[in-house]
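These notes concern the structure reproduced below.
No value in this document is a laboratory result; all are computed from the given coordinates. Only a predicted model underlies this, so the values are computations on that prediction, with no experimental measurement involved. For neighbour counting, all protein chains shown are included, and Cβ atoms are generated from backbone atoms with ideal geometry for every residue, glycine included.
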């Protein structure tokens, strides 16, 4: 039996230790001894792209943003779905994750960073989104562990009201936001709806064909018609509405 081998380490912005392990052809990344990514558990990362880009099948030159490179599976799926004229901006905070994708993960996902449609940006994803008014047809977020962050406390800004409203402003008309999470979160669903989004919640398998481990993806849009079919439809609570957060149309220039 092949042993698991530590092959690289890096520091997160919070000072935590991020470690890359290899076990045969499989890879895993841990943060402070907790699993963050496993190459064998990537079905929900593929579904993030499938759900978030479903409305773009007939678009000739869509522009999307992927927040969080991970092991490249979401990027690979999006590229396979989108047209040759598409533009895919990838925002990744950690330079080590980019290096590991180039050096180790390319054989897993077909070297998506080498695709000419990809524009890789390193740095704070909230700042990138905030500078992008009405720019994207889809924003796919797989940052940290979802709204329950574990890598960088600064990511809470992304999953708070400031970050969600920034995403809303960065979307084009009939654009959608798709968010991956390791855990369910009714609080986050309420936040999405209070920011004038219609929302669908999808419970997914980490492994293809397995129901033993669940992951979650929310797809949100101001245009309910373009949301993918299926999933659950959360309802805005009376408590949230009473705070004056009823849906209001966004003014567009």
For the chain, averaging the sequence separation of alpha carbon pairs under 8 Å that lie six or more residues apart and dividing by its residue count, the contact order in percent is 16
Taking r as the C-beta separation of residue 203 and residue 169 and R0 as 35 Å, the FRET efficiency to the nearest 0.05 is 0.75
If one compares the long axis through the Cα atoms of helix 161-170 with the longest principal axis of the Cα atoms of the chain, the angle in degrees, nearest 10, works out at 80
So the angle from the long Cα axis of helix 43-52 to the longest Cα principal axis of the chain, reported in degrees to the nearest 10, equals 30
Classified through the alpha carbon gyration tensor (a ≥ b ≥ c as square roots of its eigenvalues; rounded if a/c is under 1.5, else prolate when a/b is larger than b/c, else oblate), region 40-242 comes out rounded
per DSSP, antiparallel bridges as share of beta bridges in region 40-242, % nearest 5, sits at 40
Classified through the alpha carbon gyration tensor (a ≥ b ≥ c as square roots of its eigenvalues; rounded if a/c is under 1.5, else prolate when a/b is larger than b/c, else oblate), region 35-82 comes out prolate
Per-residue Cβ contact counts at 10 Å, fewest first, order 12, 74, 122 as 122, 12, 74
Most exposed first, judged by fewest Cβ atoms within 10 angstrom, 229, 135 run 229, 135
Rounded to one decimal in nm, the spacing of the 7 Å Cα→Cβ label points at residue 5 and residue 225 is 5.6
Of all DSSP beta bridges having both residues in region 10-91, the percent classed as antiparallel (nearest 5) is 70
A correct fewest-to-most ranking of 159, 21, 207 by other Cβ atoms within 10 Å would be 207, 21, 159
By the mean-Cβ-within-10 Å protection proxy, highest first, 163-169, 81-87 rank as 163-169, 81-87
Among region 54-72, those whose backbone N falls under 14 Å of a label point 7 Å along Cα→Cβ from residue 121 are 63-69
Expressed as a percent, the portion of alpha-carbon pairs in region 1-69 spaced more than 20 Å apart is 48
From DSSP H assignment alone, runs of 4+ in the chain each adding -39500 (n - 2.57), the sum over residues rounded to the nearest 500 puts [θ] at 222 nm at -6000 deg cm²/dmol
